[in-house]
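The values are calculated or read from the model by the stated rules, or taken from the named source; none is laboratory data. Predicted model, so just to flag it, every value in this text is computed and none were measured. Glycine also receives a Cβ, built like all others from the backbone with ideal geometry; neighbour counts cover every protein chain displayed. These area figures cover heavy atoms from the full protein model, side chains too; ligands, DNA and RNA do not enter into them. Shrake-Rupley method; radii C 1.70, N 1.55, O 1.52, S 1.80 Å.
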Amino acid sequence: MPVKTKVASRKSARVPASPTGPLVTRAYGSTSATAPLGDLTIERRAPGPKDVLIDIQYCGVCHSDLHTARNEWKGTVYPCVPGHEMVGKVIAVGAKVKKFKVGQTVGVGCMLDSCRKCHGCKKGEEQYCDGPCTFSYNSPDPKHPTTPGTMTYGGYSTQITVDQDFVLSIPKGLDPAAAAPLLCAGITTYSPLHHWGVKKGQKVGIVGLGGLGHMGVKIARAMGAHVVLFTTSPNKVKDAKRLGAHEVVISKDPAAMNAHANSFDFILDTVSANHDLDAYLTLLKLDGAMCLVGAPEHPHPSPTVFNLIFKRRTLAGSLIGGIRETQEMLNFCGKHKIVSDIEIIPMQKINQAYERMLKNDVKYRFVIDMASLKR
Ligand code: NAP
Ligand code: ZN
Ligand code: ZN
């Protein structure tokens, strides 16, 4: 069923400074922690002077979408529309938009706005904003067209209105569907690899070969590291090597794990479930660091202090990446021709996709073809 909106036509796509709206938009989301995702109608604000209105073509499926839709992290407000790996075409811009043009392919990730004043924002690391920070879904939206404070609705939808400062350019030459997962899986792995200075000659471990993990393998390899992939799934060994891992270790095999003791400069843990961290901390060499990006529903068992104080090891965490760094990552991926390995699904298959994600059966990111929601 087509939805009528007040989107400007291509010819007159620069919208007036004073916004009108709201824009009625089709979406897919959940109405409770146990309900399957289904059709919803939401409202987007008509673009203000600095806004970009985007027709969403593709949206990647992150495990965070599942954690949130099912209230695994608590605090989900329903209805909940997940999705923070959006790629689409600009269909209208506000009068003061300088950075983007109608027809351009752009991306939107996990953030829609931030306070722009705090320490994190001033450093260009808006993901660490002291607040208010507007995440792409399940986050209070001060700019909601009718009821400010309503939660944001994510990319499982046909269009979105975003401040130009939080819109990313997708490098030419990257397939738009396969580039969508860069907006979360790409930046969430690039940022810590970059922050901890991964470079040629270093030994880097990536734990888990899912959406984040497979991007971590590709990016760490492109940074020049010797990449070792840890997996619980023996059937992923061949793929891991094809994706760029020099070595693959089945993490359930203690002898294979011990063979790498005290040898890693850096380990990136992307696992979506709680597990034993000591098994990896003991693999770090002197001054090595392990960074957690996986955000399981239940806590990991506390690691042994002695594994940290001996060899001065670091255990850290990292959240997505700032807007400047996200653009830097996209340009890096453009240069190295890195995209995600994807399986395209229609919106209506999202519930099956979530079930497969829970069985570690993702090769290696589902991407929703949003045309399936526009019919
Ligand atoms: P995913 O595609 O489902 O991949 C997770 C992988 O973890 C699986 O493929 C599996 O890899 C491994 N795994 C799952 N259960 C396991 C278990 N019980 N023990 C050991 N390994 C297990 O998920 P994703 O989208 O990559 O997201 C991963 C995690 O990162 C999620 O918790 C997500 O919320 C979080 N995340 C965090 C950020 C951030 O900013 N920090 C951003 C995005 C996502 P193998 O089959 O290879 O073992
Ligand atoms: Zn994500
Ligand atoms: Zn801030």
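Residues are listed down the side, and each one gets a yes or a no for (1) open to solvent by 20 Å² or more (accessible area, probe 1.4 Å); (2) in contact with a Leu (Cβ under 7 Å, 6 or more places away or on another chain); (3) within 16 Å of ligand 1 (Cβ to nearest atom):
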position	(1), (2), (3)
51	no, no, no
54	no, no, no
81	no, yes, no
100	no, no, no
132	yes, no, no
150	yes, no, no
If I filter the range 343-354 for residues that are in a helix (DSSP H, G or I), open to solvent by 30 Å² or more (accessible area, probe 1.4 Å) and closer than 17 Å to residue 210 by Cα, do I get at least one hit? yes
Reported set for the range 242-267 where residues are of a type in the set (A, V, I, L, M, F, W, C), open to solvent by less than 30 Å² (accessible area, probe 1.4 Å) and either touching a helix residue (DSSP H, G or I) at 6+ places or on another chain (Cβ under 7 Å) or not assigned by TED's automatic domain parsing to the domain that holds residue 284 (or both) is 243, 245, 249, 257, 267
Residue pairs within 7 Å by beta carbon, gap of at least six or interchain, first lying in the range 272-288 and at positive phi and in the same structural domain as residue 209 (by TED's automatic domain parsing), second outside any loop (DSSP other than H, G, I, E, B) and more than 9 Å from ligand 1 (Cβ to nearest atom), listed first then second, are 287/312
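Matching residues to (1) away from ligand 3 (no atom under 16 Å from the Cβ); (2) at pLDDT 95 or above; (3) closer than 28 Å to residue 172 by Cα:
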residue: 54; (1), (2), (3): yes, yes, yes
residue: 57; (1), (2), (3): yes, yes, yes
residue: 77; (1), (2), (3): yes, yes, no
residue: 93; (1), (2), (3): yes, yes, yes
residue: 96; (1), (2), (3): yes, yes, yes
residue: 135; (1), (2), (3): no, yes, yes
**Q.** Selection status of residue 158, in the same structural domain as residue 41 (by TED's automatic domain parsing), under 19 Å from the mean Cα position of the chain (by Cα) and either more than 11 Å from ligand 3 (Cβ to nearest atom) or surrounded by fewer than 23 Cβ atoms within 10 Å (Cβ to Cβ) (or both)
**A.** yes
**OP:** Could you tell me whether residue 186 is buried (at least 24 other Cβ atoms within 10 Å of the Cβ), more than 9 Å from ligand 1 (Cβ to nearest atom) and under 16 Å from the mean Cα position of the chain (by Cα)?
**Re:** yes
Task: Some residue of the range 110-118 being at pLDDT 95 or above, outside any loop (DSSP other than H, G, I, E, B) and away from ligand 3 (no atom under 16 Å from the Cβ) - done: no
Just a yes or no: is a residue in the range 328-335 within 16 Å of ligand 3 (Cβ to nearest atom) and out of contact with any strand residue (DSSP E or B) (no Cβ under 8 Å at 6 or more places or on another chain)? no
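Table: residues versus (1) in contact (Cβ under 8 Å) with a residue 12 or more places away in the chain; (2) acidic (Asp, Glu); (3) within 19 Å of residue 62 (Cβ to Cβ).
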{"residue": "74", "(1), (2), (3)": "no, no, yes"}
{"residue": "79", "(1), (2), (3)": "yes, no, yes"}
{"residue": "86", "(1), (2), (3)": "yes, no, yes"}
{"residue": "94", "(1), (2), (3)": "yes, no, no"}
{"residue": "104", "(1), (2), (3)": "yes, no, no"}
{"residue": "108", "(1), (2), (3)": "yes, no, yes"}
So is residue 321 within 15 Å of ligand 2 (Cβ to nearest atom), open to solvent by 30 Å² or more (accessible area, probe 1.4 Å) and within 30 Å of residue 116 (Cβ to Cβ) or not? no
